[in-house]
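Remarks on the structure that follows.
None of the figures in this text is laboratory data; all of them are computed from the coordinates on show. All values reported here derive from a predicted model rather than from experimental measurement. Note that we place each Cβ from the backbone using ideal geometry, even for glycine, and neighbour counts take in every protein chain shown.
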Protein chains: 2
Amino acid sequence: MNDTFLKACRGEPVAYTPIWIMRQAGRYLPEYHEVRKLGTFLDLCKTPERAAEVTIQPVDILGVDAAILFSDILVPLEPMGVDLEFVEGKGPVLSPPVRDKAAVDRLSVPDMEEALPYVYETIRILRRELADKVPLIGFAGAPFTLATYMIEGGSSRNFWNTKKMMYQAPALYHALLDKITACTSRYLAAQARAGAQALQIFDSWAGALAPCDFAAFALPYVQRIISELRQETDVPIIYFANNGATLLELAADSGADVLGLDWRINIDDAVRRVGDRVAFQGNMDPIALLLPENDLAARIGRILEQAKGAKGHIFNLGHGILPDTPPEQARLAVELVHRLSSR
Amino acid sequence: MNDTFLKACRGEPVAYTPIWIMRQAGRYLPEYHEVRKLGTFLDLCKTPERAAEVTIQPVDILGVDAAILFSDILVPLEPMGVDLEFVEGKGPVLSPPVRDKAAVDRLSVPDMEEALPYVYETIRILRRELADKVPLIGFAGAPFTLATYMIEGGSSRNFWNTKKMMYQAPALYHALLDKITACTSRYLAAQARAGAQALQIFDSWAGALAPCDFAAFALPYVQRIISELRQETDVPIIYFANNGATLLELAADSGADVLGLDWRINIDDAVRRVGDRVAFQGNMDPIALLLPENDLAARIGRILEQAKGAKGHIFNLGHGILPDTPPEQARLAVELVHRLSSR
C-alpha cells in the first residue's frame, strides 16, 4: 500500500512528498462529467456506486497519493431538517434560513450512523475497490462554516446574518453550533468506522473572522469534534481553515495532526510560527496549474523548499482545483511533486 | 482645523485617535439615498455639487475626522477607453474585457488632468465647503485591482483570467499594468493639485495573490505610483492591501506613510512585524458595528490597545461599512473611539 500520505500526516519519514488535490474528483475531468450527467449533483452524492467511481477517477488519472470521498459538506444538514438544493449557476440553497430560536429548536440531532447510509456505503465500496492502493480521506464541514450556510440560506459574501447572530444573539448562535457540532462529530466518527483512513475538517469561511471571533465562535467547536474523535479513532485529522493565515497559532490548538494552508501564506512562515506541533498540507494557488512546465516546476520546487522544515508535508492546492483547469496540467503537477521531492 | 487625521498619518502626537470609515458616504445613510435617487451611480460621481454633498454628509452626521471624496475606483478607466456600467444587483460591468494584445494596445493613456474634470471640480468644491473643518482624502484603485476589473470584465471570484494572463502572458500583463499605472499616478497627482490633503490607494483584491505573485505582479506598480507622487506632493499616502495579512512586510516597502489593515490581523501583530516604518489604519469588522454598546466599546477599546505601539493609528473599519448598518451605530462608534482614546 502507498501509505506515504498517512506517514506525512503523522510526521514520519517519507521517500517523497505525497500529493492529493482538493476537488480532485470534479468538474475539470471529462470522466466526471460522464457520470455526473446521469442525475443531479445530490443524486451523485447519494448513489454509492457512482460516488465511488468518481472518487477513484483522479487516483487512476492523476496518480495522487490519496482518494477523498466524493460528497459535499452540506449533506449532513439534510437529516437535521434543512431543505438542501443545489441550483445550477447559483450554488447551494438551504431553506428556510435558521435565524431565530424557533428555527434552532426545530433542528434535530439525528443518529448520524443511520441518517446518511449512502455515505458509509460509498466508503465501504471505496475501501474494497481501492484495495489499499491509496488511503481514503473522509471529511466534513467545520461547525462555523456549516452554520453560515444554515443562517445565510446559502453562500454569502459578508456573512451579515451569521455575524449579526454572533454579535447580537450569542446564546442562540452557540445553541445552533452545539447541535451542528454534535452531528458533525458523530458523522466523522461514523466515516472512520466505515473505513475512512484520515479525516479532513473544511472550515471554508473561517477566514471571514477576526482572530478574537474565531477563538470565541469557531475554534472551540472544532476542538470539541477533534477531542471526541480521539476517543474513537486514531486516524490522522486535517483541519483546513481557509484564508486563515492570521488564525494559524489558534488553529494549531485545534488538536489536528495536520493544518491545511491556502496559498496566501508561505509554508516556511507557518513553520516558523507554530513549529513542529502539526504537519502542513498545501498550498499552491490552484490557478498556478496554468503555468508553463518550467515555471510550474519552479513554483512547486519553491513550495517543497519552504516546507522542508515542517514536521510533515502533504502537497495540495491552496483551494479546490477549478473547473477550467486542463487535467493534463494536474497530472503534470503530480509528477513534478513526486520527482522534485524524491529523496 | 481638525488635523488629527493628518498628524496620525505622519506619526505625530495626537490628543485622540482620529477615525473615518470606508464608504462612510454611502447607502447606509438615508440622506445619501435622497441624493442618489436623482440619477445613476455614475451620474452622482460625475455631478460635482452632488458628489460633494454626499461626501460631506458623514462629516456632519457621524463626526468623523476626515472626508473622503465620493467617487469610484473604476472611473479613471473610462477615459482609457473602457466602457463602464454599474448594473443594479450585479456590480460593475466593463466591456470589452481586456485579454489580448490588441485590447491592451487599444487602451489610451490620456492626460488625466483633462480627462476627469468632474473629480477635480468636486475636490475644489469640497475644500471650499469643508472650510478646513476636516481634511479631504482623495483616492484611486491600485493597478493590480484595476487590472482585475479590466481583464475579468467586472468583479470576480477567482480572478481566473487575470492570473491566467499573469502566468501565461506576463509581458502582456505588464504592458497593461504599465498603462494603468501611468494613468493612476497622474490621476492621484492631479487630485492632490486640486486640493486632496491625503491619498489612499485601494488594493481591494491584493489578498487574492500569493506573496510571490504580489511581489512580482502588484507591488512594483504601487511603488512606482508612490515614488512618482513623492516628486509632486508631500500629502500622506495610505496603501490598503485588503486581506493582505501575509503581504504586510512587502506592503511596508510600498513607500506609503500608512498601511490600511482589515480585521483579520491584530494590529499589535502588524506592529511587531513592520515596526515603526509606517502608521496603521483600521481595523474593526464592519459588522461589529451591530454589537450592543458595551460590547462595541470593549471591541473598540481592544483595537485601540492593540494599536498603542504603532507609530500612528487612524481608526477605521477593516472594509467598507455595509448598507444595512444603522447610522446611529456608526455615530456611536465614532464617539466611542474619540472618548476611549482621549489622552
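Would you please name the residue that is farthest from B:Ala103 (Cα to Cα), looking only at residues in region B:173-205 that are within 14 Å of another protein chain (Cβ to nearest Cβ) and surrounded by fewer than 24 Cβ atoms within 10 Å (Cβ to Cβ)?
If we take residues in region B:173-205 being within 14 Å of another protein chain (Cβ to nearest Cβ) and surrounded by fewer than 24 Cβ atoms within 10 Å (Cβ to Cβ), then B:Ser204 is farthest from B:Ala103 (Cα to Cα).
Could you check region A:94-141 and list, in sequence order, the residues that are in contact with a strand residue (DSSP E or B) (Cβ under 7 Å, 6 or more places away or on another chain) and among the hydroxyl-bearing types (Ser, Thr, Tyr)? Before you say what the answer is, go through the steps one by one.
Filtering region A:94-141 down to residues in contact with a strand residue (DSSP E or B) (Cβ under 7 Å, 6 or more places away or on another chain) leaves A:94-95, A:123, A:126-127, A:130, A:134-141.
The answer is A:Ser95, and nothing else.
Output the number of the condition that B:Tyr239 fails; it satisfies all remaining conditions of (1) away from every other protein chain (no Cβ under 14 Å); (2) under 16 Å from the mean Cα position of the chain (by Cα); (3) closer than 30 Å to A:Arg302 by Cα; (4) surrounded by fewer than 21 Cβ atoms within 10 Å (Cβ to Cβ).
Result: B:Tyr239 passes all but (4).
If a residue must be over 12 Å from B:Ala189 (Cβ atoms) and either within 13 Å of chain A (Cβ to nearest Cβ) or of a type in the set (Lys, Arg) (or both), how many such residues does region B:219-236 contain?
Final tally of qualifying residues: 1.
Sort out for me the helices (runs of 4 or more DSSP H) sitting completely within region A:1-93 that have 1 or more residues that are of a type in the set (A, V, I, L, M) and in contact with a strand residue (DSSP E or B) (Cβ under 9 Å, 6 or more places away or on another chain).
Ranges flagged: A:4-10, A:41-46, A:48-62.
Taking region B:270-304 only, how many residues are surrounded by fewer than 23 Cβ atoms within 10 Å (Cβ to Cβ), more than 8 Å from chain A (Cβ to nearest Cβ), in a loop (DSSP other than H, G, I, E, B) and not basic (Lys, Arg)?
2
Of all residues in region A:131-171 being assigned to a helix (DSSP H, G or I) and away from chain B (no Cβ under 14 Å), which is farthest from the chain's Cα centre (by Cα)? Before the answer, list the steps.
Applying the first criterion (assigned to a helix (DSSP H, G or I)) to region A:131-171 yields A:143-152, A:160-168, A:170-171.
Those still in the list that are away from chain B (no Cβ under 14 Å) too: A:143-147, A:149-150.
Values: A:Pro143: 13, A:Phe144: 14, A:Thr145: 11, A:Leu146: 12, A:Ala147: 16, A:Tyr149: 16, A:Met150: 18 Å.
My answer is A:Met150.
How many residues does region A:321-343 contain that are within 14 Å of chain B (Cβ to nearest Cβ) and assigned to a loop (DSSP other than H, G, I, E, B)?
The total comes to 6.
Give the residue, chosen from B:Ala297, B:Ala288, B:Ala270, B:Ala252, that is closer than 29 Å to B:Arg27 by Cβ and out of contact with any Asp or Glu (no Cβ under 9 Å at 6 or more places or on another chain).
Numbers: B:Ala288 fails: out of contact with any Asp or Glu (no Cβ under 9 Å at 6 or more places or on another chain); B:Ala270 fails: closer than 29 Å to B:Arg27 by Cβ; B:Ala252 fails: closer than 29 Å to B:Arg27 by Cβ.
Step by step, each of B:Ala297, B:Ala288, B:Ala270, B:Ala252 is checked, and only B:Ala297 is closer than 29 Å to B:Arg27 by Cβ and out of contact with any Asp or Glu (no Cβ under 9 Å at 6 or more places or on another chain).
Looking at A:Val87, A:Val93, can you tell me which residue is of a type in the set (Val, Ile, Thr), under 21 Å from the mean Cα position of the chain (by Cα) and surrounded by fewer than 17 Cβ atoms within 10 Å (Cβ to Cβ)? If you could, list the steps in order and put the result at the bottom.
On the way: A:Val87 fails: under 21 Å from the mean Cα position of the chain (by Cα).
Just one listed residue meets the conditions, A:Val93.
Go through A:Leu259, A:Leu248 for me and flag whichever is within 11 Å of chain B (Cβ to nearest Cβ) and either outside any helix (DSSP H, G or I) or farther than 21 Å from B:Lys163 by Cα (or both). Spell out the reasoning first.
Details: A:Leu259 fails: within 11 Å of chain B (Cβ to nearest Cβ).
Going through A:Leu259, A:Leu248 in turn, just one is within 11 Å of chain B (Cβ to nearest Cβ) and either outside any helix (DSSP H, G or I) or farther than 21 Å from B:Lys163 by Cα (or both): A:Leu248.
If B:Ile267 meets every condition in (1) within 12 Å of chain A (Cβ to nearest Cβ); (2) touching a Gly at 6+ places or on another chain (Cβ under 6 Å) apart from one, which number is that one?
(2)
Anything in region B:190-213 that is small (Gly, Ala, Ser) and more than 29 Å from A:Asp268 (Cβ to Cβ)? List them, or say none. Walk me through it before giving the result.
Our first condition is that a residue be small (Gly, Ala, Ser); within region B:190-213, this holds for B:190, B:192, B:194-196, B:198, B:204, B:206-208, B:210.
Hits for region B:190-213 are B:Ala190, B:Ala192, B:Ala194, B:Gly195, B:Ala196, B:Ala198.
Just the residues that are over 20 Å from the mean Cα position of the chain (by Cα) and not in a helix (DSSP H, G or I), please, taken from region B:111-130.
B:Asp111
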